[in-house]
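Nothing in this text is a laboratory measurement; each read-out follows from the coordinates by a stated rule. Remember, predicted model here, so these are calculated numbers, not experimental data. All Cβ positions, even for glycine, are placed from backbone atoms using ideal geometry, and neighbour counts span all protein chains on display.
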Amino acid sequence: MELAERVKRIEPSATLVVLMEKEKLVARGIDVVDFGPGEPDFPTPQHIKNAAIKAIEENKTKYTPSAGIMPLRQAAVEWHAKYLGSGYAPKECVINCGGKHSLFNVIHALINSGDEALILAPYWVSYPEIVKCADGTPVIVETPAEDGFIPRASAIEKAITPRTKILIVNSPSNPTGAVIPEDEFAKILDVARKHGVWVLSDECYSHFVYGDAKPFSVASLPGAKDHVIVSASLSKTFAMTGWRMGYTLAPQEISDAVLKLQSQSISNPTSIAQYAALEALRGGMESVETMVTEFAKRRRRIVDGLREIPGVTCHEPAGSFYVFPNVSAAVDGNGPGTQADTVQVAKDLLEREHVVVIPGEAFGAPGHLRISYATSMERIEEGLRRLASFFRAEKPVSSVAATRG
Ligand SMILES: Cc1ncc(COP(=O)(O)O)c(C=O)c1O
């Protein structure tokens, strides 16, 4: 059997191997500290769940318009205008099945064979794969750890060619937690405008910001609308990962293209989830504030704890719920490790200390580990203790040398 080229071009999730190993340990009754989660450990707020229950009871269980119910499109643009300063009309909003679905649709609506998409590394695992699925070429622009992984307009401009169609930005970032400062965003928008490149703004973590950082969207900058597409998600902000709710904000022509793709694939996002999303967007931000206050405390603890471990360096992320320490010095004592090193570290950590982390290779950044603090303070303390014991061991990763062979 011959599968389609597009399927052969893309890789399954790089995080899967570690997670499968984890499941085996959990099945054996082993106490695993899981720093892997890409979702809040909070339940979906009750008022949102109630709205879904009510929708079922009122038989709002049939097809909806492909772009989503109009009150939800209205609520999405109002929420984005209120909290992130944009100015879209409901007809420029399409409701999608999660932020990933929005990204998938937008990329497929814009990328032709051979078009280039600029992706900032360390990057979220799915960007290159979605671009490849659309037969585009991912072009990676590095953001250095010494600069807090902040993308700079100057580096982006150097990577632009006549084939560049889109630039994907993700602030706050998964995996680094980096938040792009507003003035840098303005410069990035200028570069995009100058070269006719679309800025695709993945705002999945918009409200997970700490310290002086404030929720911000590039779509709020003057004149942004003609150059920016927003992919938004309710998954993390409202602890709704399983509901699959997100939306796209884009000029009419692009919204219509997204809608066309959507109408011929999913028909419409789940009706019940749409009523839950409507309540989330209209029901106030209290639950979000509670979550963010808790995440701020955890971030402080985990950054401090990691910095106490010899050989581990950790920048202080201003957003999301991940830290992205550099462990290459602790791995071999000889500077940055090889491609396979942090994959091996993650495997050894799981095997010896029963701690789940995601290796940096998954995000195009060997030498680092992604640690999620979407877990309780008690588990964070236990995990830090185990990480310290692992990295303090004299030769922590004996198999690294062998894998280099
Ligand atoms: C950076 C980033 N973008 C998008 C998504 C997709 O989120 P959703 O659950 O809304 O599809 C994720 C989920 O992990 C993410 O980390």
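Observations, loosely collected:
- Across all Cα pairs in the range 168-298, the calculated P(r) in 5 Å bins from zero up to the longest distance comes to 2, 9, 17, 20, 19, 16, 11, 5, 1 percent per bin.
- Under 5 Å, built H, 5+ apart or other chain: amide partners of Gly98: Met245, Gly246
- The value of relative contact order for the range 1-95, using C-alpha pairs under 8 Å at least six residues apart, is 16 percent.
- Under Karplus coefficients 6.51, -1.76 and 1.60, residue-wise ³J(HN,Hα) of the range 91-108 in Hz, glycine/proline x: 6, 9, 10, 10, 7, 10, 8, x, x, 5, 5, 4, 4, 4, 5, 4, 5, 6
- Order of Arg370, Arg299 - criterion: other Cβ atoms within 10 Å of each residue's Cβ, fewest first: Arg299, Arg370
- Sorted by Cβ density within 10 Å, fewest first, the residues Glu253, Glu294: Glu253, Glu294
- Taking a sphere under 14 Å around the Cβ of Glu184 and counting the other residues whose Cβ falls inside, with K and R at +1 and D and E at -1, yields a net charge of -3.
- Highest to lowest packing among 241-247, 354-360, scored as the average C-beta count within 10 Å: 354-360, 241-247
- Under 5 Å from the amide H of Val199 lie the amide H atoms of Leu167, Val228, Ile229, each residue being 5 or more positions distant or on a separate chain, with H modelled from the backbone and absent for Pro and chain starts.
- Relative contact order, whole percent, for the chain stands at 23, derived from Cα pairs under 8 Å and 6 or more residues apart.
- DSSP-defined antiparallel bridges as percent of all bridges, the range 46-282, nearest 5: 30 percent
- Highest-first arrangement of 151-159, 129-137, where packing means the average Cβ count within 10 Å: 129-137, 151-159
- By average C-beta atoms within 10 angstrom, highest first, the peptides 314-323, 224-233, 375-384, 17-26: 314-323, 224-233, 375-384, 17-26
- Per-residue 3J(HN,Hα) values for the range 320-328, derived from phi via the Karplus relation 6.51 cos²θ - 1.76 cosθ + 1.60 with θ = phi - 60°, read 6, 10, 10, 10, 9, x, 8, 10, 5 Hz in sequence order (x marks Gly and Pro).
- Surrounding net charge for Val18, when Lys and Arg each add one and Asp and Glu each subtract one, Cβ distance under 12 Å: -2
- Extent along the principal axes, Cα only, for the chain: 61, 55, 52 Å, with the longest axis given first.
- The ranking of Ser66, Ser171 by Cβ neighbour count inside 10 Å, starting from the fewest, reads Ser66, Ser171.
- The alpha-carbon of Lys194 sits under 20 angstrom from the alpha-carbons of these aspartates and glutamates, leaving out residues fewer than 8 places away in its chain: Asp115, Glu116, Glu157, Glu182, Asp183, Glu184, Asp226.
- Working note: Debye formula, equal point scatterers on the alpha-carbon atoms of the range 46-282, no solvent; log10 I(q)/I(0) at q = 0.12, 0.16 Å⁻¹ is -0.63, -1.11.
- Dividing the summed helix terms, -39500 (n - 2.57) for each DSSP H run of n ≥ 4, by the number of residues in the chain produces a 222 nm estimate of -12500 deg cm²/dmol to the nearest 500.
- Label-point gap, in nm, between Thr161 and Lys62 - each point 7 angstrom along Cα→Cβ: 5.2 nm
- The range 1-63 versus the range 77-118: alpha-carbon centroid distance in Å: 22 Å
- Summed side-chain charge close to Asp256 - residues other than Asp256 whose Cβ falls under 11 Å, Lys, Arg +1, Asp, Glu -1: 0
- Placing +1 on the Cβ of every Lys and Arg and -1 on the Cβ of every Asp and Glu, with nothing else charged, gives the chain a dipole about its Cα centre of roughly 540 debye.
- The range 57-102 shape via C-alpha gyration tensor axes, a/c threshold 1.5: prolate
- Degrees separating the helix 182-195 axis from the principal Cα axis of the chain, which is the longest one: 60 degrees
- Cα gyration tensor shape for the range 72-139, rounded if a/c is under 1.5, else prolate or oblate: prolate
- Once backbone amide H atoms are built at 1.01 Å from N, Val141 has Ile119, Leu120, Ala121 as its partners under 5 Å, excluding neighbours fewer than 5 places away on the same chain.
- Our note on the geometry: Cα centres of the range 201-263 and the range 274-303, 17 Å apart.
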